[in-house]
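The values are calculated or read from the model by the stated rules, or taken from the named source; none is laboratory data. Not measured: the values here are computed from a predicted model. Cβ sites come from the backbone with ideal geometry, for glycine too, and all protein chains shown count toward neighbours. What goes into the accessible areas is simple: the full protein's heavy atoms, side chains included, and nothing from ligands, DNA or RNA. Shrake-Rupley method; radii C 1.70, N 1.55, O 1.52, S 1.80 Å.
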Amino acid sequence: MSAVGYGLKHPGSEYRTDAATVVLWCLLAVAGGTVLGAAFARIGAAGWPAAAATALAGGLLVADTFASFRAADGVALTAVAVAALAVVVSAAERTVTQWRRVGALLVPAAIIGCLVIRTPDLLEAVIHGLA
């Protein structure tokens with residue numbers, strides 16, 4: 001059982017979760033999925049927009065791996081992230097020009113990915129700080 005489920009089932013436990021937090025995360029997931037789904041739909045096409053979409057997908061994987069990395073499970077996490085990145089790259093158009101474009105955009109996309117990954121936590125902290 002996840003910490004969220006445990007927190008909802010046992011309200012006084014160390015895993016403090018309330019319905020407002022769950023609703024917030026669900027709304028963020030829907031909004032993020034809508035925006036990223038529209039962006040990722042370009043993966044596989046040619047041109048800079050498709051390269052940006054591919055780089056953003058890769059950047060999110062790199063950022064999440066970096067944010068979640070712990071020594072205990074680092075090797076497994078990195079292996080899964082590399083495999084996922086290979087799947088994303090294999091879905092992209094396979095030309096040298098397109099790969100160069102993706103490579104040029106990957107570092108900025110990873111920085112954007114760090115911001116995207118941290119945003120929900122920051123919003124939650126702000127909302128709970130106001131409550």
Q: Counting only residues that are at pLDDT 90 or above and not aliphatic (A, V, I, L, M), give me the helices (runs of 4 or more DSSP H) lying completely in segment 28-131 with at least 3 of them.
A: 48-68, 96-130
Q. Looking at ALA67, ALA76, ALA125, ALA81, which one is of a type in the set (A, V, I, L, M, F, W, C), exposed (fewer than 10 other Cβ atoms within 10 Å of the Cβ) and farther than 21 Å from ARG42 by Cβ?
A. ALA76
Q: Scan segment 105-120 for residues that are closer than 30 Å to VAL22 by Cβ and open to solvent by less than 70 Å² (accessible area, probe 1.4 Å) and jot them down.
A: ALA109, ALA110, GLY113, CYS114, VAL116, ILE117, THR119, PRO120
Q: Only residues in segment 22-45 that are at positive phi count as the first member; pair them with residues that are open to solvent by less than 50 Å² (accessible area, probe 1.4 Å), Cβ under 7 angstrom, at least 6 apart or cross-chain, and list the lot.
A: GLY44/ALA50; GLY44/ALA92
Q. If you check VAL102, VAL96, VAL35, VAL88, which single one turns out to be farther than 30 Å from ALA19 by Cβ and open to solvent by 50 Å² or more (accessible area, probe 1.4 Å)?
A. VAL96
Q: Give me the pairs, please: first residue somewhere in segment 74-101 and over 18 Å from ALA39 (Cβ atoms), second residue anywhere and open to solvent by less than 80 Å² (accessible area, probe 1.4 Å) and part of a helix (DSSP H, G or I), beta-carbon distance under 7 Å, and either six or more positions apart or on two chains.
A: LEU77/THR65; LEU77/SER68; THR78/THR65; ALA81/LEU61; ALA81/THR65
